[in-house]
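Worksheet for the structure shown next.
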Amino acid sequence: MTRVLLYTGKGGVGKTTSAAGTATLAALRGLRTLVLSTDGAHSLSDAFDSEVGQEPTEIDDLLFVQQIDTQRRFERSWGDIQAYLRSVLHVVGVDPIEAEELTVLPGAEEVLALLEVRDHVRSGRWDVVVVDCAPTAETLRLLALPEALNWYMDRIIHAERKVIRSLRPLLGRASGLPMPDDNVFDALRRLQRDLADIRALLAGPDASVRLVLTPEAVVVAEARRSLTTLSLYGYRVDGIVANRVFPAAGADNWRRQWVAAQRGILEDVADSFSPLPIWESPYRACEPVGVEELAAFAVEMYGGDDPFARASDATSLLVDRHIDTDGRTYTLTMPLPLASAADLELARHGDELIITVGSYRRVIPLPAALARGVVAGARLDDGRLQVRFAPREPAQRVGAPAAEVPTGAGPLESAQELAQEIREQMDSELAAEHAAMTEGTR
């Protein structure tokens with residue numbers, strides 16, 4: 001299977017150099033290697049000091065680089081949907097140029113770049129695919145999108161299609177707006193399947209994320225949050241790259257102060273990210289550019305480690321939905337390393353558990369054994385979230401279950417509840433309008 005490595009970090013920490021160096025090292029070890037970028041500001045061509053095309057371009061033996069043509073991908077995956085949205089905006093009088101801008105899906109370029117990653121992995125052409133991701137915040141939103149969109153597609157788009165099919169003639173005449181045809185819904189379904197494929201690939205055993213940081217307090221704090229959030233969404237983090245570390249040897253008084261400050265932060269990094277390996281790269285007088293310098297950078301950074309080995313369970317941080325039985329109760333355990341109880345909120349809605357850490361939210365469908373129970377308590381212990389479920393009392397089994405918030409969690413407005421209310425309101429209004437039109441034609 002193709003090994004997939006994603007590099008991300010705060011802007012300016014050297015993630016592109018780390019990704020390019022790792023890819024160069026892979027090729028030197030005889031692995032067919034492709035490195036590409038999901039960052040809109042492509043800089044791989046600068047790192048390799050070479051022209052890079054829209055298809056894999058050979059830079060060295062077994063080493064290929066690609067600058068993805070996201071516009072072409074966008075037209076293939078979003079074209080039918082965008083055309084329909086433009087037609088709606090045209091009817092209501094929106095300027096065509098503004099309509100073109102308004103119908104671009106935010107973050108679409110980065111998402112569609114990941115489709116290119118999926119296709120390359122499926123081709124079987126590569127042993128290693130290295131991805132230079134966008135800065136951390138954009139990467140986290142990007143990796144959260146497949147699961148979030150899948151939820152809306154399953155619950156809202158499916159119901160919308162049924163309503164549109166039955167009421168299309170009446171709605172079209174009443175509103176004057178073009179109704180979406182099956183091509184639009186089919187395009188949405190294709191996009192959903194594509195995103196599901198991305199999710200399965202990047203959360204699978206052959207893919208992992210590496211966080212790149214520099215020994216600075218602000219950068220390390222963001223890396224900690226990133227580790228928690230990636231674990232929340234079930235993505236494996238298998239290593240940390242500490243870049244631009246001042247060497248202690250031969251340091252003058254000014255540099256000794258930097259060495260001491262960085263060493264204190266690096267000790268904090270070791271404590272925070274254990275048991276993950278931490279690869280240090282020394283500060284260089286100039287940025288490594290070109291195949292030879294990138295290879296030297298990677299060799300020095302990884303030392304004797306094998307950066308292409310599959311991550312073991314001992315060093316992987318994954319969402320673990322393992323369920324333990326304790327009498328008549330069940331416990332759902334989920335690693336959330338470095339998470340703070342103050343930033344954690346939980347809510348239960350129907351058969352789903354909603355977990356929020358800071359500004360990031362994940363909806364986890366509950367197994368049947370848990371869905372039949374009620375949340376009896378929750379705690380965050382040593383980087384692991386444990387949510388305890390108990391059987392419903394007879395009185396609780398009558399009627400629909402109410403939303404539950406575990407002890408100690410703050411209030412959480414459920415996006416799913418809001419979407420359901422909107423959906424029910426739309427169905428009610430459409431049914432009333434349909435009844436009124438039917439009555440008027442008699």
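For the reader, a short list of remarks on this structure follows.
- Other residues lying with their Cβ under 11 Å from the Cβ of SER340 contribute a combined charge of +1, Lys and Arg counting +1, Asp and Glu -1.
- Between ARG310 and THR333, the contour length at 0.36 nm per residue exceeds the Cα-Cα span by 5.9 nm.
- Computed label-point distance, nm, for sites VAL218 and ARG372 using a 7 Å Cα→Cβ extension: 5.4 nm
- Protection-proxy order for peptides 15-21, 200-206, each taking the mean of Cβ atoms within 10 Å per residue, highest first: 15-21, 200-206
- When peptides 266-274, 251-259, 282-290 are ranked by their average number of other Cβ atoms within 10 Å per residue, the highest-first order is 266-274, 282-290, 251-259.
- Ratio Rg/Rh [Cα only; Rh per Kirkwood] for segment 179-289: 1.21
- The residues neighbouring LEU266, those whose beta-carbon lies less than 12 Å from its own, together hold a net charge of -3 under the Lys/Arg +1, Asp/Glu -1 convention.
- Remark: the GLU300-ALA200 segment gains 32.7 nm on full extension, using 0.36 nm per residue and subtracting the alpha carbon distance.
Rule-based calculations on the coordinates, nothing more; no lab input. Because the structure is a prediction, the values reported are computed rather than measured. Methodologically, a virtual Cβ is constructed for each residue, glycine included, from the backbone with ideal geometry; neighbour enumeration extends over all protein chains shown.
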